[in-house]
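Heads up: the structure comes next, in structure tokens.
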Amino acid sequence: MIKVIISDLDGTLLNSDHRISDYTKQVFRELYNQNYLIIVATGRHHLDAMPIIETLGFPIYLVTSNGARIHAPNKELIFAVNMESEAVKSVLEMDIPAEYTTVLFKENVWQTNKHNDKLLEFQTELNYVPELVNYKEVTDFDVIKIFFTHESHGKLIELREKILEKHPGVFSHAFSLPHCLEFMDKSVDKSVAIASILEIEGFEFNQAISFGDGYNDEGMLNATSKGLLMGNAPDSLKNKLSHLEVISRNNEDGVANYLADKILNNVSLVSK
């Protein structure tokens, strides 16, 4: 029996305005009232994600930075892992071309080599602030994750291969979106963080369903009893995870509609 609901944020629970719709909030409040364990697992930093999930109106577990942080429903930080400082320094010393936007996720600020309007669009409220830096002058390499963005997915693949070739077995990595490449400590994955939460709460993956749209969701989608892939997910991911059911898009309240129909089993509880 399903007792745990797990969802990604961007492209999944959030619409294209980077907000949770009123209908989705209503569905999730009913799930919470029926004692389902709800977990949000995102690539976003916790300072960025917390104000978003607070709009649900009830406390939940929050997994952020692709699994590098876990916050309990009372907002207590219960798990944290950063990248190895020497490895971060080594990546920055690779003289990555300026055409890439490079971002260091730090505890209270994200450092970037250039202003990027597209990245700022993801933040409806600027709770996690950017800082423009020259990486040749950076001396603090205490970093949660390294994030690269480029208009060309092919260029990001080239960069990924160069970084992994120089640092074998050091990082975990994922494309959260086709134009967003992220590196974390090798131990980090959403599914690993979720497993810790399930152990705390006395549940197992076979009691959970999950929703996602990106390659950084792959682990959790495959681990749960049922993984649901968003209609707006990249075709390459749909092809790779062809064994998973594809539901409607994030702008169509795909997660909420599925939960209302398949889990609540009574759409009269939530009228759209």
Would you kindly derive the ³J(HN,Hα) couplings of the stretch 24-33 from the backbone phi angles with the Karplus curve 6.51 cos²θ - 1.76 cosθ + 1.60 (θ = phi - 60°), listing them in order in whole Hz, with x for Gly and Pro?
4, 4, 5, 4, 5, 5, 5, 4, 4, 5
Would you mind checking the pairs Lys114/Lys190; Lys190/Lys240; Lys89/Lys186 and listing those with alpha carbons more than 22 angstrom apart?
Lys114/Lys190
What per residue convex hull volume, in Å³, do the alpha-carbon atoms of the stretch 1-126 yield?
132 Å³
Pick out which of Leu56, Leu13, Leu77 has the largest mean-square fluctuation in a Gaussian network model of the chain, springs linking Cα atoms closer than 10 Å.
Leu77
How big is the gap, in Å, between the Cα center of the stretch 8-34 and the Cα center of the stretch 164-214?
21 Å
If I model a spin label as a point 7 Å beyond the Cα along the Cα-Cβ vector, how far apart are those points for Glu245 and Lys114 in nm?
4.3 nm
Which percentage, to the nearest 5, of the DSSP beta bridges contained in the stretch 90-243 is antiparallel?
70 percent
Averaging over every viewing direction, what projected area does the convex hull of the Cα atoms of the stretch 154-246 cover, in nm²?
6.4 nm²
Of Asp185, Asp235, Asp261, which has the most accessible area and how do the rest follow, probe 1.4 Å?
Asp235, Asp261, Asp185
Suppose a student asked you for the relative contact order of the chain, using Cα pairs under 8 Å spaced at least 6 residues apart; what percent would you report?
22 percent
Where does the chain land at 222 nm, in deg cm²/dmol rounded to the nearest 500, when only DSSP H runs of n ≥ 4 count, each adding -39500 (n - 2.57), divided by all residues?
-8000 deg cm²/dmol
What residue among Glu151, Glu137, Glu93 has the largest mean-square fluctuation in a Gaussian network model of the chain, using Cα springs under 10 Å?
Glu137
Taking the chain as a Gaussian network, where each spring joins two C-alpha atoms under 10 Å apart, which residue of Asn250, Asn222, Asn239 fluctuates the most?
Asn239
Could you tell me how many degrees, from 0 to 90 and to the nearest 10, lie between the Cα long axis of helix 153-166 and the main elongation axis, the longest principal axis, of the Cα atoms of the chain?
60 degrees
In whole percent, the fraction of accessible protein surface over the stretch 1-113 that belongs to carbon or sulfur atoms, probe radius 1.4 Å, stands at 47 percent
If contacts are Cα pairs under 8 angstrom and at least 6 residues apart, what is the relative contact order of the stretch 115-267 in percent?
13 percent
Over the stretch 135-272, average the accessible area per residue using a 1.4 Å probe and give it in Å², no decimals.
46 Å²
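The values are calculated or read from the model by the stated rules, or taken from the named source; none is laboratory data. All values derive from a computational prediction rather than experimental measurement. Neighbour counts are summed over all protein chains in view; Cβ atoms, including those assigned to glycine, are modelled from backbone coordinates with ideal geometry. Surface areas here come from the heavy atoms of the whole protein model, side chains and all, with no ligands, DNA or RNA. Shrake-Rupley method; radii C 1.70, N 1.55, O 1.52, S 1.80 Å.
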